[in-house]
Amino acid sequence: MRGLKIQIRRTALALALIALAGAASAASLPGSTRLALLPQAWTDDSGKPLALTSLTGETVVLTMAYANCHRVCPMTIDQLKRLQASFDAAGRKAEFVIVGYDPENENAATWRDYRKSHRLNRSNWHFITGSLEDTTRLARALNFELWKYDEHVMHDSHVLLFDPDGVLAHELDPAATDPS
């Protein structure tokens, strides 16, 4: 029982830190960040290289996730699914990019299994991993907060929308479903 109380306190503390980090995040980024200025050496879940600049010409919805996350990431993925449905309803195209937070423990196979188990089979969804250095650089450039806690990756969550020119247009509200 005592162990459960400690775990609950740790979870509550982690969620509070995530909320604080998210509140301080990307407010100053729109217009100043471009896909071309971010690291480009990524591998998608099929094992193929993917440069973020290859997505220029389409709206890009980008977030970071942790494949073994059981709290924050499932909510973020649900938001992305709602956004996809909204884009579909509006007859608009978008590329969805999910960058793995934990390149030391996640790879193409990890994300391929994740994609399959969560039925995320659309070709415009890209689950990518890169080096620890590039992942850290991208996270810092886009104000994604992350830290290791025991064996877990603690992180905040936000979703960024890049226009077809690859310029960061804005950060979406966590409950946003309207791509306009």
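Taken together, the values in this text are just the output of simple stated rules run on the coordinates, not laboratory data. Computed from a predicted structure; not experimentally measured. Glycine also receives a Cβ, built like all others from the backbone with ideal geometry; neighbour counts cover every protein chain displayed.
May I ask for the net charge around residue 81, where only other residues with Cβ less than 13 Å from the Cβ of residue 81 are counted and Lys, Arg are +1 while Asp, Glu are -1? Net of charged neighbours comes to +2.
Spacing of the modelled spin labels on residue 165 and residue 131, each 7 Å from Cα toward Cβ, amounts to 3.1 nm. A cut-off of 5 Å between modelled amide H atoms, ignoring neighbours fewer than 5 places along the same chain, links residue 126 with 96, 97, 98. Panel order for 162, 96, by other beta carbons found within 10 Å of each beta carbon, from fewest to most: 96, 162.
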